[in-house]
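Colleague: Take a look at this one; I'll ask things after.
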């Protein structure tokens, strides 16, 4: 990237917009034109970092103040608690604010290559936050798991019920009765919900394994996160948990089997990868291509495709979750369930390593970090 050439193009794009020498003060009126500016960080990078406009700094409820002028009218571009805006002292300056907004939009459009370069450079370091979506993903798993349990229990209570419905008489049939079994439909719904719960469980683990690895100091840069995110589920598991622990290894083996039999099957449109949906012709009729001797011997296997969802599969998942959060990862559970983002710089400065030494240390750390984030959100400097 030719930074000088890019700066020249950006200066040309912003046109008449130039730095001003105004001091900070109460610029009380938010212009209408300033309500549709690009994201605050792009405006800041464009004006302050690339074009070197002056930032007057932070003030109470204000993150940055950039005085600008256009055609002799002085304006203030500020990021306040309630958002970015162009602020004016006189309603007569609304037209100037509109022109300034157009210039800023034009400059941001031209500076896209600069923004990309900033992001690419940041990805190689540790001054990054990783979003924590664990609560949302786990809530989805819990929803379907709960529905599965409800369907299963209701099916059990109604297993001996039958419903007889008299059908309307016709010219050919004097009378007929249709018999249905409520438990059959409930078991179908239980199977559907269990399949959805298993899908949601693996989605949650794909995310939470990476968060746990960060807290353990195994991931410290944006490039590390990208590599881990693109890795197979098995590799994410090994990154977060000790595969040499016998109990963990047993969970790993069984969850891998379950993933192959259920999640991969459903994810590939119920065709699977090994011919689960195929039958070959024979003198005795259609024969499953994946015959019994070639199928997994795991006791929660699904037969040809998805024939049943036994309780053992769901119990395995619940047992694993309890196992994962026991022992050394107990403090990680506290942090991840707090919903706080994962801050990679805390891997490098040792803050996570210290917090991971006990549940109390992690609780104190998350409380402190939550207060800091709240203060920053409120711009209470």
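Every number here is computed from the coordinates shown, using simple stated rules; none is lab data. Predicted model, so just to flag it, every value in this text is computed and none were measured. Cβ coordinates were reconstructed from backbone atoms using ideal geometry, including for glycine residues, and neighbour counts include every protein chain displayed.
Colleague: Given a 10 angstrom Cα cut-off, can you work out which residue in 203, 36, 330 is the most mobile in a GNM of the chain?
Modeller: Per the Cα network of the chain with a 10 Å cutoff, 36 tops the list.
Colleague: If you bin the C-alpha pair distances of the chain every 10 Å from 0, what whole percents do you get?
Modeller: Calculated over all Cα pairs of the chain, the distribution is 4, 16, 19, 17, 16, 13, 9, 5, 2, 0 percent.
Colleague: Cα-based Rg of region 3-123 per 2.2 N^0.38 Å, rounded to two decimals?
Modeller: Working: Rg = 13.6 Å, N = 121, 2.2 N^0.38 = 13.6 Å.
Against the empirical 2.2 N^0.38 Å value, I get 1.00 for region 3-123.
Colleague: Could I ask something else about it? How many percent of all Cα-Cα pairs in region 171-235 sit more than 13 Å apart? Please list the in-between numbers first.
Modeller: On the way: 1549 of 2080 pairs.
Pairs farther apart than 13 Å: 74 percent.
Colleague: Run the quick spin-label model on residue 319 and residue 379: label points 7 Å from Cα toward the beta carbon, then report their separation in nm to one decimal.
Modeller: 5.5 nm
Colleague: Using only DSSP helix segments of four residues or longer, with each worth -39500 (n - 2.57), what per-residue ellipticity at 222 nm results for the chain after dividing by its residue count and rounding to 500?
Modeller: Counting only the DSSP helices, I get -15500 deg cm²/dmol.
Colleague: Normalised by the number of residues in the chain, what is the relative contact order in percent for Cα pairs under 8 Å and 6+ residues apart?
Modeller: 16 percent
Colleague: Here is a follow-up. Between residue 349 and residue 32, what is the FRET efficiency for a Förster distance of 51 Å, r being their Cβ-Cβ separation, to the nearest 0.05? Write down the numbers at each step before the final one.
Modeller: Working: r = 44 Å, r/R0 = 0.86.
Result of the calculation: an efficiency of 0.70.
Colleague: Specify the residue with the greatest mean-square fluctuation among 64, 138, 181, computed from a Gaussian network of the chain linking alpha-carbon atoms under 10 Å apart.
Modeller: Answer for the Gaussian network model of the chain: 181.
Colleague: Arrange 287, 179 by Cβ neighbour counts within 10 Å, fewest through most, would you?
Modeller: Result, fewest neighbours first: 179, 287.
Colleague: Kirkwood hydrodynamic radius of region 61-179 from all distinct Cα pairs, in Å?
Modeller: 22.3 Å
Colleague: Compare the peptides 362-372, 192-202 by average per-residue count of other Cβ atoms within 10 angstrom and give them in order, highest first.
Modeller: Descending mean neighbour count gives 192-202, 362-372.
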